[in-house]
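Here is the structure we will look at.
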Amino acid sequence: MKRIVNWLARSTTIADMIFSFILYGINLVLSITKIRFPFFRERVKEKNLTVQIKLKDNSRGRYFIFKDGNIISGNVIHKNPDVSVIFDSPV
């Protein structure tokens, strides 16, 4: 599997698509975990912050807003996140 992903990642278009799918997958995992595990649901209620994962050139990214126990996500670059995780490239 790793070999296939490495082969696909050679193309920047496919690498961007894989990066976007991974970011969307994080959104799904957070949502499912919040529904499935009460302790995670309670932990999310403790924090109010905006987290962003993006590429250095701002071409791709996703933000996650944790506010009053809710998780809101968007697939654009947030203007004022509290925390940013920045990757140099999707490859």
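Nothing in this text is a laboratory measurement; each read-out follows from the coordinates by a stated rule. Treat the numbers as computed from the prediction; the structure is a model and nothing was measured. FYI the Cβ positions are ideal-geometry reconstructions off the backbone, even for glycines, and counts take in every protein chain you see.
Projecting the Cα atoms of A15, N80, L28 onto the dipole axis of the chain, where Lys and Arg carry +1 and Asp and Glu carry -1 at the beta carbon, places L28 farthest toward the positive end. What number comes out for the charge environment of H78, summing +1 per Lys or Arg and -1 per Asp or Glu over other residues with Cβ under 10 Å away? After counting each charged neighbour, the total is +2. Cβ crowding within 10 Å ranks D82, D16 as D82, D16, fewest other Cβ atoms first.
Taking every DSSP beta bridge with both residues inside the chain, roughly what % is antiparallel (nearest 5)? Don't skip to the end; give the middle numbers.
Working: 11 of 16 bridges.
DSSP beta bridges in the chain are roughly 70 percent antiparallel.
Pairs of Lys residues in segment 1-80 that lie 8 or more places apart, or on two chains, and have C-alpha atoms under 18 angstrom apart add up to 8.
Among the trypsin sites (Lys or Arg not before Pro) found in segment 1-67, those both in a DSSP coil and sparsely packed, with 16 or fewer other Cβ atoms within 10 Å of their Cβ, are R10, K47, K56. With an a/c value of 1.5 or above and a/b larger than b/c for the gyration tensor axes a ≥ b ≥ c computed over the alpha-carbon atoms, segment 48-91 is described as prolate. Segment I77..I18, full-extension length gain: 19.5 nm, with 0.36 nm per residue of separation and the alpha-carbon distance subtracted. Computed on segment 2-87, with alpha-carbon pairs under 8 angstrom and 6+ residues apart, the relative contact order is 24 percent. Rounded to the nearest 20 debye, the dipole magnitude of the chain is 220 debye, with +1 charges on Lys and Arg beta carbons, -1 on Asp and Glu beta carbons, and the Cα centre as origin.
Between K67 and T33, what length in nm is gained on full extension when 0.36 nm per residue of separation is reduced by their alpha carbon distance? Each step should come with its number before you reach the end.
On the way: separation 34, 0.36 × 34 = 12.24 nm, distance 1.61 nm.
Going from the current span to full extension adds 10.6 nm.
At R0 = 25 Å, how high is the FRET efficiency between S84 and N6 if r is their beta carbon distance? Nearest 0.05 is fine. Write down the numbers at each step before the final one.
Details: r = 26 Å, r/R0 = 1.06.
Once rounded, the FRET efficiency stands at 0.40.
In the list (1) 17, 41, 29, 13, 0; (2) 20, 53, 24, 2; (3) 12, 28, 21, 16, 12, 7, 3, 0, the label attached to P(r) over Cα pairs in 10 Å bins from 0, in percent as derived from the coordinates here is (1).
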